[in-house]
Each structure stands twice: as structure tokens, then as C-alpha cells.
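As C-alpha cells, the structure follows; a few thoughts come after it.
The values are calculated or read from the model by the stated rules, or taken from the named source; none is laboratory data. Predicted, not measured: the structure shown is a model, and the values here were computed from it. Don't worry about glycine lacking a Cβ; one is built from the backbone with ideal geometry, like all the others, and counts go over all protein chains shown.
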Amino acid sequence: MTTIPGSIVVDPEAAAAFRALWEPLLPLGRDDRTGGYRRFAWTAADTACREWFRTAAAERGMDVEVDRNGNLWAWWGPPGPDALVLGSHLDSVPDGGAYDGPLGIVSAFAAIDVLASATHRSGSARRPVAVVAFADEEGARFGVACAGSRLMTGTLDPDRARALTDADGTTLADAMRDAGHDPGHLGRDDAALARIGGLVELHVEQGRHLVDVKAALGVATAIWPHGRYRFTFTGEANHAGTTRLEDRRDPMLTYAETVLAARKKARLADARVTFGRVEVEPNGTNAVPSTVRAWLDARAADDVALSDLVASIDRGARERADRDGTQVDVVAESVSPVVAFEPSLSARLAAAAGDDDAVTRVPQIPTQAGHDAGVLAAHVPAAMLFVRNPSGVSHSPAEHADQADCVAGVQALARFLAAEALDGDALL
């Protein structure tokens, strides 16, 4: 066995369980040119990942259900109330990394393997256990993040969801039908929610906190509030060569100034802002644009700070538009309030991730990234376990986690599962 920071012992059996699950998943949806993943919701790559999930469940004798919103559930033993649910998502952002999402599902299955082997479990448990794969967490194809969990909790209107379109104009409803799922049943799923007694999502850390404190694992305290806002800048299309600068009504200028101003405002507020997606019309090299649509991702430490930040960016954009002879319209496409994870569940998860002093030794950290666990936290007890990412990079092929740290996460989930769900204590 190998000891890693945080006094977590890595068992070779856990390492073997992890590799057996991880390696078949790696080729699915991978772009050979970039090395990144394109596992967009309701595509062939997504279907392949879902088949991997079904296969993994079948190999463990776990029954699989697909709920009304397309989320996958694999049950270790009979389904029922007060279930302990582990999992994450399988989809990715464009050219995303291998770990964001799938690591949580692989680790959940691997934890069940370790526990089953250690206890020779024959099905006796004091509560049901499930592994879940939430649908369309990243929102990469249809523009709304955590669609599967938002639909399940009723925070995403099903009619709005069905009408969402991708870049090619395909609706979510049509994409789901093409993938063999009926979109007519989308909506709040009280039956599924009622079965969840506790939800734990393991996730690769999307930052450098655990690297800086030299810890393999950390437990989330909260998720910063965040929102996605569509800025539409409009002006007048014109000839790039013959139109004097002083005669232009160029929305690209207003957009550029807004980007720079937003960066400064966020830095002063210790917040995060990103204009990561832009559409330009008519999109000609020799044409002054008529329209620039840009999407702002904004995050801050609390709800008031986020609201003040976005209002300040909006106000500055309008003031700049007045000077440029352009106009700007801002629409909030999604806004998520601050999420606090359940303290008792988080403390027990921290204890499973270390020794008896784990509550103070395992880092307790906030995260600036949204997750399905954050959506569910307003409805069921939820917690998150982070695995160190030595690169500090996410949503990129450079995203990484060392195998020793991944296996430490598996061991932590197995300990947690033993303490929370099994009859008697399992010695791992």
C-alpha cells in the first residue's frame, strides 16, 4: 500500500478497480486532433458513454433506470427511500478534459467494487445505494447547465427545455427523440427526489487550492453564486475600408470596451468574469459588424456581490454604447444563488476522507464552479468531495488527476459508503 498526503492509504485493489473502469471510458468522445473530449448531450458520444454506464452497472449486477429527464440510475440492491446516491455526469464542454464529471461516476462504481470485495457483501444494507449520471450537466450543446438536475428539481421549465436549440437549430426535444428518449415526460420528478436520502458528488478540483495546501482530497463548503448573461450589442453594418472611424456605429468597439471594463471590475471585487462565447453578424472580414452577441459568465462570493458586479458591467456597457452610437441589451439566461452544502453530511464525508481528525485536516473549501450537487442541495442533503488536480486547469485537455489521488477518492467513498449504508462496519 502507498501512503499519500492526508494519511490516506491507497489499496492496490482499489487501484485495479479504478483502472478497469477508467480505461474503457477514455476513448469515448475523444477528439484525436485536440486530445479533448466532445461528449455533448444526446449525441453519439453521449450515447456511447451511457452504454459504458449500463455495462459497468450490469457487470456489478446493478439494475439501471432512466428517469423522466434522461438521468441514469444504477441501483446496488433494491431501489427505495433514503437512498445514498453517488455520482456526477458524463458529458463535457468542447474539448474538455477527461476527469470533469466522469471521475465521479468511475469512483462511485469503483468504491462499490472495493466495498463488495472487502465485505463479501451479499445485498444486505440498511439503506439503498445508487450511482447516478446526470444528463447534460455542462450545457455545452443547448446552453443551459445542469439541465438534467434542474429539470428533476423543477428549476428548469420543461417547455423551455424542449424548445432549446443547438448551434445547428436542433431542439433539445428532437435530439432526445433521436437518442431514443421521450421528451414529453420532462419535468419535476418528485418520486426521484423522494428517494434521495443523501447525495455525494466526487469531482476533480477545478482550481489550485488542494495543490497549494498539498492535500489529495478536499470537501466543499459552498458553491459561489453564478450566472450566464447574454449581451447583445447592435450598431450599423458598413464597409471596413470606406467608412471613416468617426462615422462608424461599431458594436464590436462597445463589446471590446465592455470586456476590458468587466475584467477590471471583477479584479477589484475578487470575483470572476469571462466573455467566453461570441457571435458576430455579418461576420465578414471587410465589414463593420451590425450585431455582436456575447455571453458573460460571472461568479462572486455571495448573491449581493454577484448582483452588484453584473449591474455595474451592464451600466458601464450602456454608458459606452451611448458614446459609440450603439445599443446594448442584457438578458440573464440563468442565475444560480449561493449554495451551502449540508454540514453534517460534509463532516461525515470529511471523516471518511482521512483519520479521526479529518474535520480539521481535510481542507474545507468553497468552489466557484457549478455542479449537479449544487442544484440538488436545495432539495436533499448534498455534499461534494474534490480530488486534487495538479495542473490546476479544467475544461481543457490539460485537466488531470494523479492515479494515487483518484484512488484515494475511491477509498474515501468506500469508507463513507460503509459507514452510511451497510449493516455493521466494514474494515477497509
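Go through the stretch 305-333 and give me each residue that's assigned to a strand (DSSP E or B) and among the polar types (S, T, N, Q). Gln327, the sole residue that qualifies. Can you tell me how many residues in the stretch 260-280 are in contact (Cβ under 8 Å) with a residue 24 or more places away in the chain, charged (D, E, K, R) and surrounded by 12 or more Cβ atoms within 10 Å (Cβ to Cβ)? Total satisfying the criteria: 2. The single condition among (1) assigned to a loop (DSSP other than H, G, I, E, B); (2) at pLDDT 95 or above that Ala108 does not satisfy is (1).
Does the stretch 356-367 include one or more residues that are in the same structural domain as Gly35 (by TED's automatic domain parsing), of a type in the set (Asp, Glu) and either touching a strand residue (DSSP E or B) at 6+ places or on another chain (Cβ under 7 Å) or modelled with pLDDT of 95 or more (or both)? No - not one qualifying residue is present in the stretch 356-367. The criterion of at least 1 residues that are at pLDDT below 95 and over 22 Å from the mean Cα position of the chain (by Cα) is met by none of the strands (runs of 3 or more DSSP E) falling completely within the stretch 158-277. Among the residues of the stretch 122-132, not a single one is crowded, with 21+ Cβ neighbours inside 10 Å, assigned to a helix (DSSP H, G or I) and of a type outside the set (Phe, Trp, Tyr).
Do we find that Gly370 is touching a Gly at 6+ places or on another chain (Cβ under 6 Å), crowded, with 19+ Cβ neighbours inside 10 Å and small (Gly, Ala, Ser) in this structure? No.
Here Phe134 fits the description: in contact with a Ser or Thr (Cβ under 7 Å, 6 or more places away or on another chain) and touching a residue at least 12 places away in the same chain (Cβ under 8 Å). Scanning the stretch 378-395 for residues that are modelled with pLDDT of 95 or more, surrounded by fewer than 24 Cβ atoms within 10 Å (Cβ to Cβ) and in contact with an Asp or Glu (Cβ under 7 Å, 6 or more places away or on another chain) gives a single hit, Pro381. One residue alone among Ala317, Ala352, Ala369 is over 15 Å from the mean Cα position of the chain (by Cα) and closer than 28 Å to Phe142 by Cβ, and that residue is Ala317.
Kindly indicate whether any position in the stretch 146-154 is part of a loop (DSSP other than H, G, I, E, B), surrounded by fewer than 19 Cβ atoms within 10 Å (Cβ to Cβ) and either in the same structural domain as Ala192 (by TED's automatic domain parsing) or touching a helix residue (DSSP H, G or I) at 6+ places or on another chain (Cβ under 7 Å) (or both). Yes, the stretch 146-154 contains a residue that is part of a loop (DSSP other than H, G, I, E, B), surrounded by fewer than 19 Cβ atoms within 10 Å (Cβ to Cβ) and either in the same structural domain as Ala192 (by TED's automatic domain parsing) or touching a helix residue (DSSP H, G or I) at 6+ places or on another chain (Cβ under 7 Å) (or both).
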